[in-house]
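Where a number appears in this text, it was derived from the coordinates with a stated rule and is not lab data. Predicted, not measured: the structure shown is a model, and the values here were computed from it. Glycine gets a Cβ as well: all are built from the backbone with ideal geometry, and neighbour counts include every protein chain shown.
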Amino acid sequence: IKERLLADKRAAADQVDAVCEKRAEGTLTAELLREHLFRYVLAKFGLEAADAPSRSLEDLAEESLAKALRTDPDQVVEAERPATCDGARSVDMKQALLIMALQREFGVALDGLRAGLADTTDELADLMFAAFPASDDGAGK
């Protein structure tokens with residue numbers, strides 16, 4: 001398990017490094033960011049591309065929880081009842097933590113409400129792309 005967690009952490013860091021490098025070179029496009037962010041989310045959620053049911057953040061979070069709990073994603077949805085006072089589900093909390101991590105690791109500030117309402121990794125990548133300074137050195141990682 002430890003090796004898998006370390007490999008996922010390295011895979012996520014590789015995506016951050018690739019984005020920062022492309023930003024520094026001035027070659028980062030919205031499409032490239034979408035692909036790198038999708039791979040970053042897969043790594044953060046401990047998933048392989050073959051495990052990804054879609055690019056839906058909710059579907060990916062459910063799949064990740066199901067994998068961690070060694071159960072079917074449908075059972076995660078059915079069993080998931082808000083246990084916290086604010087009614088947040090584990091899937092929602094996983095998505096919120098992901099958004100905080102990507103802001104920190106990619107060095108980008110996102111509108112929390114808009115980022116929280118993003119349905120897919122592509123929508124989140126587009127918000128990130130718009131939030132990156134027009135010309136910078138790719139720093140902030």
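Some observations on this one:
- FRET E, pair Glu31, Ala131, Förster distance 25 Å, beta-carbon r, rounded to 0.05: 0.90
- Charge tally around Leu5: other residues with Cβ under 13 Å, Lys/Arg +1 each, Asp/Glu -1 each, net +4.
- Interchain or long-range residues, amide H under 5 Å from Thr120's placed H: Leu57
- Label separation (Met100 vs Ala49): 3.1 nm, computed from points 7 Å beyond Cα along the C-beta direction.
- Lysines whose Cα lies under 27 Å from that of Lys22, excluding same-chain neighbours fewer than 8 positions away: Lys9, Lys44, Lys141
- Ordering of 4-15, 91-102 by packing is 91-102, 4-15, highest average first (other Cβ atoms within 10 Å, averaged per residue).
- For Leu42, neighbours were defined as the other residues whose beta-carbon sits under 15 Å from its Cβ, and their charges (Lys and Arg +1, Asp and Glu -1) total -2.
- For the peptides 54-63, 109-118, the ranking by mean Cβ contacts within 10 Å, running from highest to lowest, is 54-63, 109-118.
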